[in-house]
Amino acid sequence: MFEKCPTDQATSTSRICSHCDSTIIVPFYINGESEGREVFCCAGCRAVFEILHQKGLERYYDIKSKSEAVHDATPASELNSRFIHFDDDDFQKEYIIKNDKGHKVVRFYLEGVHCLACLWLIEKIPQFVPGIIFSRLDLGKAIATITFKEDFPLSKIGFELQQFGYRPHILKIDENGETQFQKEERSMLIKIGVAAACAGNIMLFAISIYAGVSGKMANIFSWLSFFITIPVMSYSALPFYQSAYGSLKNKILSIDVPVVFAILLAFIYSTFELLNQGTHMYFDSITSLVFLLLSARFILRRMQKSGIGADQLEKFFSFDAVKKINEDGEEVEILPKYLKRGDIIRVTSNSQIPVDGVIVKGNSNLNLSLLTGESLPVEIKPGDLVYSGTVNLDSTLEIRVDSIGSETRLGQILHRIECESQNKSQIVRITDKIGKYFVYIVLTLGLLVFTYFALRGELSTGIERALGLIIISCPCALALATPLALSYGLKKAADLGIFVKSDDIIERIYRAKEIFLDKTGTLTYGLFQVVKVDDQTPQDLNLYEITYALEAKSSHPIAKALKDFCLSKLNGTLNKEIFVHNYKEYPGVGVTGECNGGKYKLIKASDNFESLENVVELKCQVSENILARFFLKDNLRVDSLKAMDTMRDLGLTPYMISGDRREIVSSIADSLRIPPGNYISDLKPEDKAKIIGEHPFSIMVGDGANDAIALVKSLVGIAVHGSVEVSLRAADVYNSRPGVLPISNLINIAHETIKVVKRNLILSLLYNVIGVLGALLGHITPLWAAIFMPLSSLTVILSTIYGTKKMRQNSKGGR
């Protein structure tokens, strides 16, 4: 069987994982043999390594060694889901389509793909899974498209992908409105084509007239130009009319209002001139303007989608099934959204409750910190109400469903979060207001110019100047300047594995003055090792069996270290007759329970120790006698000091807050050059929240569940532990990659993004001032204005994409 080597620190500091190339802190070997064998950073990587060799896919490692990484490699997840809910008919209606051959097609976002070796492996799947016909991986987006036989279970595909270390997140075929986007794109291309054809033909007539054609032939050319302009005015220009109408209907002046005003004014005047056999007609300018504007917007739309507006959220989605009890008393896996009011579900210990409901069977304790911020467990019994998002800590519960999804208490909280994510940042609101006033000013100036020249009897000049002024000063660049830079900053953050809920948060990070960091798992690896045991237990008690049983349900890093250590001491053999009753876990403190005829508590040591290790004591609950002490050590991340220096350079004052003893916290603080007044030890979650509340311009970096209330109280809350679903409900930012360096890069990106915003605003305002002066003085004709106007937007886009040198470094190598 697989065993974990409990020690080997000399090796762990210098070796890398044989599967994912991550630095090894706690080594894992095959069959516990360390001599001359591969070494792994975790059990997940070890399992994937074994599976690849069993299936004859060893070439994966040869390809990996010769290829450049597209995404950062991460340790393989140690998952054991069977994905049974994938086979549910209702589920498949949403996520599967059939192709013209009758085969099923499904898409997955694969968490963990990083190089050409992954591409080779995913596309090899049809060779050893008979039901899969075709498999293709878009390496850049980490999206796999798989075609399989109609009678082949979808759950089998999810399981196979999981075995290779990739966590599969199923996507809808039409995820993110891709089909609708393509329809809109085709419609716009047709409109551009019509405008281009009409403009080209009218230009030929105009060139002839400019070259000297006159009389009857010139009149024919003018009438032909009029008729050819009608499709442009009635079809190609429709997007401008719709946008302007919507704005005016809502009593808003959008950037399309002056454009429509200019087009209609030029067309009406040109028609008037045509009917009166005049010579000042702008049919060529009108059609060219519509063509150029549509083309510019099409290009901007494509650039925003592919380069800036690319959706980064799909990688954070997951679908967890629950166990529903049917009428026969059997368990059936089903997604929570398919549950109905009155259904009975079974929730095991250490699992999140997915619905609001009433307990019909079972007694347990719940962790309510996600909803209330309170870290102490709450006892529950049959008849009590329970809420979605809370965690069942102890025994299995049976719950009658009352509310699901958006109807739950948590669903209402999520709805508010979604509304917050749509809120514009302060700087965006300011530029929107500037743009609105700018439209008012331009329209007023245009009318004044037109009136001035009309009163002088120079109607043609008035129309030309007004037309040039309105077109050249269209505030497209001003409207794009800020949101484009902020969305680009969000994309850069997502490239680093960081999800930021809204662009408003980028601005808040820029305004922050202090940053508070939890220690374990952020500044340190969070991978504890037991380095010493002081065993004082009586001979009739097995210390390792009792300790393992007490920590079996806990997911805390120290609990995991104790379980691994005890399992190695027991040679992988557990006493299945030991059961824990009345189990309770106290976040930041420890666990209690009854087992093997005694009442025990395994908690953080109450005495002060001069050692730099974490000390956990096993005590008898009745006598308070200490039965054993475990001394555990965690290591500082190699990149933590670099990250802290970056934060200081950006003007942030770093603080470290931790529940650990002062000696340990002091040692880490000294290594990170944090002064004594800036670190605090022996804190509970409530204490952290109180400290954050005293610093209104602070960033809090902590656990998405245990530090929920502190994250909410901060100016910006950054979650670095736990699941995405839990963390994003309590925090503004979720960091999916380990360590604090990605967070320092995020702060750097926020500062550089604001620099880009300011640069874009200066460029767009400077362009508009120069353009307005040029049009007023008659140096810019309507046609040249139509050419220069989209160039201003293109300048802002290029400025945003180019960003700054530091942003480009962060998105490539500064991870």
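Apart from one condition, V232 fits all of (1) of a type in the set (A, V, I, L, M, F, W, C); (2) open to solvent by 20 Å² or more (accessible area, probe 1.4 Å); (3) touching a helix residue (DSSP H, G or I) at 6+ places or on another chain (Cβ under 7 Å); the exception is (2).
Among the criteria (1) open to solvent by 20 Å² or more (accessible area, probe 1.4 Å); (2) assigned to a helix (DSSP H, G or I), the one K532 does not fulfil is (2). Within region 207-227, identify whether any single residue is within 51 Å of the chain's Cα centre (by Cα), open to solvent by 30 Å² or more (accessible area, probe 1.4 Å) and in contact (Cβ under 8 Å) with a residue 40 or more places away in the chain, and answer yes or no. The answer is no, given that none of the residues of region 207-227 is within 51 Å of the chain's Cα centre (by Cα), open to solvent by 30 Å² or more (accessible area, probe 1.4 Å) and in contact (Cβ under 8 Å) with a residue 40 or more places away in the chain.
Answer yes or no as to whether R400 is part of a strand (DSSP E or B) and either of a type in the set (K, R) or at pLDDT below 70 (or both). Taking the combined requirement at face value, the residue satisfies it.
For region 148-158, how many residues are surrounded by 17 or more Cβ atoms within 10 Å (Cβ to Cβ) and either β-branched (V, I, T) or in contact with a Gly (Cβ under 6 Å, 6 or more places away or on another chain) (or both)? Residues flagged as surrounded by 17 or more Cβ atoms within 10 Å (Cβ to Cβ) and either β-branched (V, I, T) or in contact with a Gly (Cβ under 6 Å, 6 or more places away or on another chain) (or both) within region 148-158 amount to 2.
When region 620-672 is filtered for residues that are assigned to a strand (DSSP E or B), at pLDDT 85 or above and open to solvent by 30 Å² or more (accessible area, probe 1.4 Å), the ones remaining, listed by number, are C620, I626, R629, T653, Y655.
Residues in region 93-143 that are among the basic types (K, R), under 27 Å from the mean Cα position of the chain (by Cα) and at pLDDT 85 or above were compared, and the one that is least open to solvent (accessible area, probe 1.4 Å) is R107.
Out of curiosity, is S270 open to solvent by 20 Å² or more (accessible area, probe 1.4 Å) and either modelled with pLDDT under 65 or under 21 Å from F240 (Cα atoms) (or both)? Criteria not met by S270. In this entry, T537 passes the filter for residues that are in contact with a helix residue (DSSP H, G or I) (Cβ under 6 Å, 6 or more places away or on another chain) and among the hydroxyl-bearing types (S, T, Y). Against the numbered list (1) open to solvent by less than 70 Å² (accessible area, probe 1.4 Å); (2) modelled with pLDDT under 85; (3) under 30 Å from I472 (Cα atoms), F319 comes up short only at (3). If you go through region 347-386 and keep only what is over 15 Å from N582 (Cβ atoms), of a type in the set (D, E, K, R) and modelled with pLDDT of 80 or more, you end up with D356, K361, D384. Which of the following residues is within 25 Å of H19 (Cα to Cα) and assigned to a strand (DSSP E or B): L119, L110? Testing whether each residue is within 25 Å of H19 (Cα to Cα) and assigned to a strand (DSSP E or B) leaves just L110. Any residue at all in region 581-592 that's of a type in the set (F, W, Y), modelled with pLDDT under 80 and within 39 Å of the chain's Cα centre (by Cα)? Looking for residues that are of a type in the set (F, W, Y), modelled with pLDDT under 80 and within 39 Å of the chain's Cα centre (by Cα), one finds at least one in region 581-592, hence yes. Take region 513-529 and flag every residue that is surrounded by fewer than 24 Cβ atoms within 10 Å (Cβ to Cβ), of a type in the set (A, V, I, L, M, F, W, C) and touching a Leu at 6+ places or on another chain (Cβ under 8 Å). Correct list: empty. Please tell me if T547 is open to solvent by less than 60 Å² (accessible area, probe 1.4 Å), farther than 29 Å from Y29 by Cα, β-branched (V, I, T) and in contact (Cβ under 8 Å) with a residue 12 or more places away in the chain. Criteria not met by T547.
The values are calculated or read from the model by the stated rules, or taken from the named source; none is laboratory data. What you are looking at is a predicted structure, and each value in this text was computed from that prediction instead of being measured. Cβ sites come from the backbone with ideal geometry, for glycine too, and all protein chains shown count toward neighbours. These accessible areas exclude ligands, DNA and RNA; they are computed on the full protein's heavy atoms, side chains included. Shrake-Rupley method; radii C 1.70, N 1.55, O 1.52, S 1.80 Å.
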